[in-house]
1. Just one of A:Lys145, A:Lys153, A:Lys138, A:Lys65 is in contact with a Gly (Cβ under 6 Å, 6 or more places away or on another chain) and over 23 Å from B:Val81 (Cα atoms); which is it?
2. Pull up region B:6-60, narrow it to residues that are open to solvent by 30 Å² or more (accessible area, probe 1.4 Å) and aromatic (Phe, Trp, Tyr), then point me to the one that is farthest from the other protein chains (Cβ to nearest Cβ).
3. Taking A:Met1 and the conditions (1) more than 20 Å from A:Lys152 (Cβ to Cβ); (2) surrounded by fewer than 22 Cβ atoms within 10 Å (Cβ to Cβ); (3) touching a residue at least 60 places away in the same chain (Cβ under 8 Å), which numbered condition does it fall short on, given that it satisfies the others?
4. Restricting the search to region B:117-139, which residues are surrounded by 20 or more Cβ atoms within 10 Å (Cβ to Cβ) and modelled with pLDDT of 95 or more?
5. Among (1) under 15 Å from B:Leu56 (Cα atoms); (2) open to solvent by 70 Å² or more (accessible area, probe 1.4 Å), where does B:Glu143 come up short?
6. How many residues are away from chain B (no Cβ under 11 Å), out of contact with any Phe, Trp or Tyr (no Cβ under 9 Å at 6 or more places or on another chain) and assigned to a strand (DSSP E or B) when one looks only at region A:87-133?
7. Which of (1) open to solvent by less than 40 Å² (accessible area, probe 1.4 Å); (2) facing another protein chain (nearest Cβ under 7 Å) does B:Pro72 not meet, given it meets every other one?
8. Could you check A:Ser26 against (1) modelled with pLDDT under 95; (2) in a loop (DSSP other than H, G, I, E, B) and say which number it fails?
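The values are calculated or read from the model by the stated rules, or taken from the named source; none is laboratory data. Here the structure is a predicted model, which means the values were calculated and not measured. We place every Cβ from the backbone using ideal geometry, glycine too, and count neighbours over all the protein chains shown. Heavy atoms of the whole protein, side chains included, go into the accessibility calculation; ligands, DNA and RNA do not. Shrake-Rupley method; radii C 1.70, N 1.55, O 1.52, S 1.80 Å.
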Protein chains: 2
Amino acid sequence: MAIKLNPIGLIRTPFKQPIGMPIQPSGAKGVKGTIEIEPEYSDGLKDLKGFSHIILLYHFHKSTKCALTVTPFLDSEKHGVFATRAPNRPNPVGLSIVKLLKIESNILYIENIDTLDETPLIDIKPYVPEFDRPSRVKTGWLETKKGNVFLKKSDDRFRSK
Amino acid sequence: MAIKLNPIGLIRTPFKQPIGMPIQPSGAKGVKGTIEIEPEYSDGLKDLKGFSHIILLYHFHKSTKCALTVTPFLDSEKHGVFATRAPNRPNPVGLSIVKLLKIESNILYIENIDTLDETPLIDIKPYVPEFDRPSRVKTGWLETKKGNVFLKKSDDRFRSK
């Protein structure tokens with residue numbers, strides 16, 4: 001059965017095009033953006049300001065094709081899409097953990113944001129190390145590649161044609 | 001514009017009822033479950049087995065009402081829903097980071113799972129500390145409460161009537 005979601009707001013960032021963007025929040029250190037929450041959802045922001053980091057779930061709205069195996073930005077080999085963070089997923093939902101700087105009414109000021117400008121926001125969750133930080137982690141094919149995330153920028157490989 | 005998602009599989013766990021459940025993976029240490037991926041998406045699992053932990057996005061399928069302020073399991077006061085992990089969100093999408101034990105064909109064996117049995121799965125992403133582990137984190141209202149997550153179980157407050 002299909003699940004229907006309605007965006008709760010828009011993420012505003014300096015990235016107008018899906019090319020030359022950071023490919024993860026860790027590659028977007030210091031990049032500032034805002035989130036404009038639809039006024040009808042403002043009450044849901046109560047007490048969020050005490051959190052230094054928030055988890056954003058959003059729609060990869062420029063990702064219109066889906067592939068089950070992809071060559072991610074960090075490698076030259078194909079991997080299953082669920083073993084990557086590529087946008088062209090069966091359900092194009094993205095996840096980024098960003099720094100929350102301040103909240104003014106229904107506008108959130110954030111840092112380390114790696115999404116395209118005008119990305120539709122699906123959900124905000126507080127980041128809580130006790131829930132979200134497992135230990136003794138192994139990262140498969142990414143083990144030797146992930147250091148490049150700090151330098152690597154996106155190209156047009158996931159662009160919709 | 002509404003976003004339409006189609007589940008890619010089902011999460012199977014020992015939790016048949018939304019009452020008396022762990023309220024986060026950290027409260028579900030050692031709880032085993034499986035994920036049955038729809039065969040049409042099997043190819044997307046290639047190379048996932050090298051990852052020790054995966055991020056699950058899923059549908060809070062028993063959460064039919066939405067509230068903008070909620071009294072979460074870990075507190076007796078109301079907070080904005082986006083400052084909590086409560087299921088009754090405007091877009092009822094849940095997130096859990098679980099341990100991946102092994103993969104056999106289209107079945108994933110997982111540990112520390114805190115979802116209801118038969119939860120529809122939306123996405124799997126590899127957990128990567130370099131992407132997903134911010135430092136110097138503050139957790140607002142949860143600061144003094146979150147230790148209880150290891151003991152606290154759910155009651156029926158978020159149940160659909």
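1. On the way: A:Lys145 fails: in contact with a Gly (Cβ under 6 Å, 6 or more places away or on another chain); A:Lys138 fails: in contact with a Gly (Cβ under 6 Å, 6 or more places away or on another chain); A:Lys65 fails: in contact with a Gly (Cβ under 6 Å, 6 or more places away or on another chain).
Residue meeting the stated conditions: A:Lys153.
2. Applying the filter and picking the extreme gives B:Phe15.
3. (3)
4. Result: B:Thr119, B:Leu121, B:Ile122, B:Asp123, B:Ile124, B:Lys125, B:Pro126, B:Tyr127.
5. Tallying (1) under 15 Å from B:Leu56 (Cα atoms); (2) open to solvent by 70 Å² or more (accessible area, probe 1.4 Å), B:Glu143 fails exactly one: (1).
6. Of the residues in region A:87-133, 4 are away from chain B (no Cβ under 11 Å), out of contact with any Phe, Trp or Tyr (no Cβ under 9 Å at 6 or more places or on another chain) and assigned to a strand (DSSP E or B).
7. Condition not satisfied by B:Pro72: (2).
8. Single failed check for A:Ser26: (2).
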